[in-house]
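Here is the structure we will look at, set down as structure tokens.
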Amino acid sequence: MILAVDAGNTRVKWGLYADDWVEQGACATAGPQALPEQWRTLAPTAVIVSNVAGSSVQQAIADAAATLGHTPRFIVAAARQCGVRSSYRDPATLGCDRWAALIGAWALHPGACVVVNAGTAMTVDALSAEGLFLGGFIVPGFDLMRRALDANTAGLALQPGEVRFFPDNTGDAIASGAAHALAGAVERMAAFMSQAGGGPDRVLLSGGWADALQPMLALETLRVDNLVLEGLVAIAREVSSCAG
């Protein structure tokens, strides 16, 4: 069984995988000390991690894995892995969470797609029909956009709002601006892929804001609970196969 761990900006999400997800959980990134208790009854054969939350969280995950008798594998992006190739100028500088999400997308849907992880920040990555990562966007997430206006303007304080086509109050205008900016980034990437001759078959959506984003998109979409965890499982299997 594989224990896959996605340490992001807000939460550390994890899942125990055999032939399917056996158990899943999460804790706040600010409180990774909760992991040993959460993992107390688990018996994985390997632990694999995507960590973008810094060195202290990495150490906390390593310590938690040690209580299970494992040294975790912390992934880094590569030039080629699990059928996906990178066109990044320096492949190793791509965020490991983005790389894992691309591999997860390819494992679930081996075709041209836009890979979206809508969390604290939103990543929008293009994957060709040949498994080539073409490049992507990073934009502030919904709450981050709203907080940026609150922190950096005099008259746009953080306030409740709903997403509308034609907002008639400031709260709705801010919420709608953030939401439509996120949807626009996804649709622009899909349009760029089509213009380049490799239009996506669908958009794969993951992350905490994916459910809100999905109905806003005029595109074929597939909601995936956690693309990063799916990618980590694929990487762990390939590593195990090569070692065998």
Q: State the three equivalent ellipsoid semi-axes of the stretch 2-74, derived from the C-alpha gyration tensor as the square roots of 5 times its eigenvalues, in descending order and whole Å.
A: 17, 13, 11
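If you average over every viewing direction, what projected area does the convex hull of the Cα atoms of the stretch 173-226 give, in nm²?
Working: hull surface 15.5 nm².
The Cα convex hull of the stretch 173-226, projected and averaged over all directions, gives 3.9 nm².
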Q. Could you give the angle, 0 to 90 degrees to the nearest 10, between helix 142-152's Cα long axis and the longest principal axis of the Cα atoms of the chain?
A. 60
(Q) Please compute, over every Cα-Cα pair in the chain, the percentage with a separation greater than 29 angstrom. (A) 33
Q: Whole number please: convex hull volume per residue, Cα atoms of the stretch 49-161, in Å³.
A: 159
Q) Taking other Cβ within 10 Å of each residue's Cβ, how do Ser86, Ser55 sort, fewest first? A) Ser55, Ser86
Q. Bin by bin, in steps of 5 Å, what percent of the Cα pairs in the stretch 202-244 do you find, going until the bin that has the longest distance?
A. 5, 22, 21, 15, 12, 10, 8, 5, 2, 0
Q: Would you mind ranking Trp21, Trp14, Trp39 by Cβ crowding within 10 Å, fewest neighbours first?
A: Trp21, Trp39, Trp14
Q: Return the Rg/Rh value of the stretch 36-112, two decimal places, where both radii are evaluated on C-alpha atoms and Rh is the Kirkwood radius.
A: 1.04
Q) Taking the Cα atoms only, what angle lies between the long axis of helix 55-66 and the longest principal axis of the chain, rounded to 10 degrees? A) 40
Q: Among DSSP beta bridges lying fully in the stretch 111-225, give the percent that are antiparallel, nearest 5.
A: 60
Q. Got the relative contact order for the chain handy, in percent, Cα pairs under 8 Å and 6 or more residues apart?
A. 19
Q.
If you take every DSSP beta bridge fully contained in the chain, what fraction is antiparallel? Give it as a percent rounded to 5.
A. 60
Q: Quick one: order Met216, Met122 by neighbouring beta-carbon count within 10 Å, fewest to most.
A: Met216, Met122
Q: Using only the Cα atoms, work out Rg/Rh for the stretch 111-225, with Rh taken as the Kirkwood radius, to two decimals.
A: 1.02
Q. In a GNM of the chain with a 10 Å cut-off on Cα contacts, which of Thr120, Thr170, Thr41 has the highest mean-square fluctuation?
A. Thr41
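Values quoted throughout were computed directly from the atomic coordinates according to the rules given, and no laboratory measurement underlies them. Bear in mind that the values here come from a model prediction, so they are computed numbers and not experimental data. Virtual Cβ from ideal backbone geometry, glycine too; neighbours counted across all protein chains shown.
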